[in-house]
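*Asks:* Have a look at this one.
The values are calculated or read from the model by the stated rules, or taken from the named source; none is laboratory data. Fair warning: this is a prediction, and the values are worked out from it, not measured in the lab. Glycine also receives a Cβ, built like all others from the backbone with ideal geometry; neighbour counts cover every protein chain displayed. What goes into the accessible areas is simple: the full protein's heavy atoms, side chains included, and nothing from ligands, DNA or RNA. Shrake-Rupley method; radii C 1.70, N 1.55, O 1.52, S 1.80 Å.
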Amino acid sequence: MPEASAGLDVWLDYIGQQHQQTIDMGLGRLSKVLTALALQRPAPTVITIAGTNGKGSTARVIEALLCDAGLLVGTTLSPHLWRFNERIRIAGEDATDATICRAFAAIDAARGDIPLTYFEFSALAALHCMVEAKVDVAILEIGLGGRLDAFNAVDADIAVITSIGIDHQAFLGDTREAIGAEKAGILRAGQRVVLGQGMPNSVDARCTVLGLHPRRWGLAFSNKAAVNDDHWLLQRTGQEPLQLPLTALAPHNIAVACEAVAELVELTAARVGRCIALRMPGRMDIHRSKGRIWVHDVCHNPDGAKFFMAELARRNIAPRFFICSMLAGQDPVGFFETVNQMADAIPVWLFVDSHGDRHMSGADLAAEVGLPGAVANDMPHALKLAAQQTKEGDAIVVLALLALSSNALGWHHSGMNDVTRYRLIGSVFLLALAAIFLPMIFDAPAPSLQSINGAAPAQGMSPSPLAVSQTSPAEPNALTVRDDVQEMISELQREHAVLDQAFTDSDMQAKVESMRSKVDADGYWVENGTRFGEPILAPVRETSEIFAVQLATFDEQANARKLRAQLREAGAEAFISQYKQRGVSGEKVRYRVAVGPLLSHTLAKEKQELYTQTYGVEAIVVAMSE
């Protein structure tokens, strides 16, 4: 058992070694620990959400609606994208490391010699955090199936089944009826039950046995929207329709979420409109860059592909290029055929390795769908090729599972500059920007996709060298690197140019090595002692995406540098931001010392508390802006 002072990483490594199997279906072992910790009732109201697709976005909309109504809400999501904390949310924020570690310690002490899987530890930790926070409502997203999922050890008041499709056949069965029966295992007599569209007979049969009267999509409620329309109607029996904006979230999932909480909150157009403006990484995550539309989604089964393609059509997006990564044990052929059948024209495909316990190589995936050779070295390589082989106005789709880590996607690729890195915040998919910025630095010839899928390069994309102006860019500010490489990038960005050449690994490494003399071991620029230039710090706003913790402000730069050095020695990414303060005696330069960038407001608040206690200062959370 880890020591009391152990951090979250130590605990996560520990819980991953406490059972011989990754998945061990059954509730017997978990229920004993659940009872020992008195976690059977994590909140006065409990909502469970099962389904093949749409669970995560439905859970987030339910959470947003309840929080907007003033309720204290606990939510579970899986899997996580950046860090484990995303799996456990309290009051709309990720749980802190300390909170989760306390939960793990309590679970480990209570379980005795009972083996628990990583997922069972995670589920129990979520329930422990909710009980500790005394939440009003607990939202439990079922991870796999329903009947034997860890969260089904808790009796819920409201049960939601979003959709039924073919997935995880080894555990749930290979027909929709069999899978529906497994997912209907979350149902209890007396519950409020909400069912999404297309439920199989097995779900209806379970409702009949339990005497339930479910609220069905298409009967009790529905969503109606015209293709390409920027609004849609939420229709509920006996209620006036609500006209709502078309956002990144699917109207079907929003409608299911609204029906689930209709007896808990008042559903108005204003409230729902506020709550559906949220963005979820990997769920219809749309961004526009360099004249192209980039879409990242984590759908990975034929039913999910059908739903996803229909949502793209609703937004008038017709993809030309697909990048795909999948896990072993799924249905790549059915997925591939579904996408091609629903596409306006046969798109170009490129396949990439996945990672983890069920990893599948891009080469095996390409061979299985009949496109041997349509393989990229890694995700950054695939993104770069996609940018080069398309033209302005084209849509590029990245279908990559959340199981892919940021490292696997190339987040820490040695050729990626920090300016690009911190503009990628918000979703895994924003890594597509790296595919545009990287070729601006390294210019070795790239392999053509002409031999892949039989597709020729897009018109207007023939290689041509770009002249780089030697004019100095404007004075650097937030996240801007003071270096001749950054000058080149800035000029190319102003010209809206995409260099139609890539780089070989050997050339890239040589150029990276040549830059090492300009930075110290921690990546700080030797010439001015700053990292990423001198960011501008400002009050936090709703639109803020990048944060920092400001510890102190000094009149003397030397004092600021002392604190910065102390923080860096402690492992923090500290920097100095100077500003001019006007007074009766004129302008005076002052120096702020802060730590960042931080990728979420929740993380920033955790650091604020840590630095306040450690250094005895009144640290504040600020936004970093350009």
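*Asks:* May I ask you to list pairs of residues, at least six apart or on different chains, whose Cβ atoms are under 8 Å apart, with the first in segment 331-354 being assigned to a strand (DSSP E or B) and the second being open to solvent by 10 Å² or more (accessible area, probe 1.4 Å) and among the charged types (D, E, K, R)?
*Replies:* Here the result reads Val348/Arg320, each pair linking segment 331-354 to a residue that is open to solvent by 10 Å² or more (accessible area, probe 1.4 Å) and among the charged types (D, E, K, R).
*Asks:* I need the full set of residues from segment 370-388 which are at negative phi, part of a loop (DSSP other than H, G, I, E, B) and modelled with pLDDT under 90, in order please.
*Replies:* Answer for segment 370-388, where residues must be at negative phi, part of a loop (DSSP other than H, G, I, E, B) and modelled with pLDDT under 90: Pro372, Asn377, Asp378.
*Asks:* Name every residue in segment 287-311 that is touching a residue at least 60 places away in the same chain (Cβ under 8 Å), open to solvent by 40 Å² or more (accessible area, probe 1.4 Å) and more than 20 Å from Ala386 (Cβ to Cβ), in order of residue number.
*Replies:* Scanning segment 287-311 gives Asp303, Phe307.
*Asks:* When residues of segment 15-54 are filtered for being in contact with a strand residue (DSSP E or B) (Cβ under 9 Å, 6 or more places away or on another chain), under 22 Å from Ala178 (Cα atoms) and either at pLDDT 90 or above or among the aliphatic types (A, V, I, L, M) (or both), how many remain?
*Replies:* Selection size over segment 15-54: 3.
*Asks:* Within segment 205-225, take every residue that is among the charged types (D, E, K, R) and crowded, with 16+ Cβ neighbours inside 10 Å and give me the one that is nearest to Asp303 (Cα to Cα).
*Replies:* Arg216
*Asks:* I'd like to check something: does segment 547-568 contain any residue that is within 25 Å of Gly7 (Cα to Cα), modelled with pLDDT of 60 or more and charged (D, E, K, R)?
*Replies:* Scanning segment 547-568, I find at least one residue that is within 25 Å of Gly7 (Cα to Cα), modelled with pLDDT of 60 or more and charged (D, E, K, R), so the answer is yes.
*Asks:* Now, a different point. Among the numbered criteria (1) of a type outside the set (Gly, Ala, Ser); (2) assigned to a helix (DSSP H, G or I); (3) under 12 Å from Ile142 (Cα atoms), which single criterion is violated by Asn53?
*Replies:* Tallying (1) of a type outside the set (Gly, Ala, Ser); (2) assigned to a helix (DSSP H, G or I); (3) under 12 Å from Ile142 (Cα atoms), Asn53 fails exactly one: (2).
*Asks:* Sticking with this structure for a sec: Can you report the number of residues in segment 74-91 which are part of a loop (DSSP other than H, G, I, E, B), open to solvent by less than 30 Å² (accessible area, probe 1.4 Å) and aromatic (Phe, Trp, Tyr)?
*Replies:* So the count comes out to 0.
*Asks:* For segment 92-138, which residues satisfy the criterion of being assigned to a loop (DSSP other than H, G, I, E, B), open to solvent by less than 50 Å² (accessible area, probe 1.4 Å) and without any contact (Cβ under 8 Å) to a residue 60 or more places away in the chain?
*Replies:* Of everything in segment 92-138, those that are assigned to a loop (DSSP other than H, G, I, E, B), open to solvent by less than 50 Å² (accessible area, probe 1.4 Å) and without any contact (Cβ under 8 Å) to a residue 60 or more places away in the chain turn out to be Gly92, Ala95.
*Asks:* Next question, about the same structure. Of a type in the set (Gly, Ala, Ser) and in a loop (DSSP other than H, G, I, E, B) - does that describe any residue in segment 306-317?
*Replies:* Scanning segment 306-317 turns up no residue that is of a type in the set (Gly, Ala, Ser) and in a loop (DSSP other than H, G, I, E, B).
*Asks:* Tell me, please, whether a residue that is acidic (Asp, Glu) and under 21 Å from the mean Cα position of the chain (by Cα) can be found in segment 68-75.
*Replies:* The answer is no; no qualifying residue exists.
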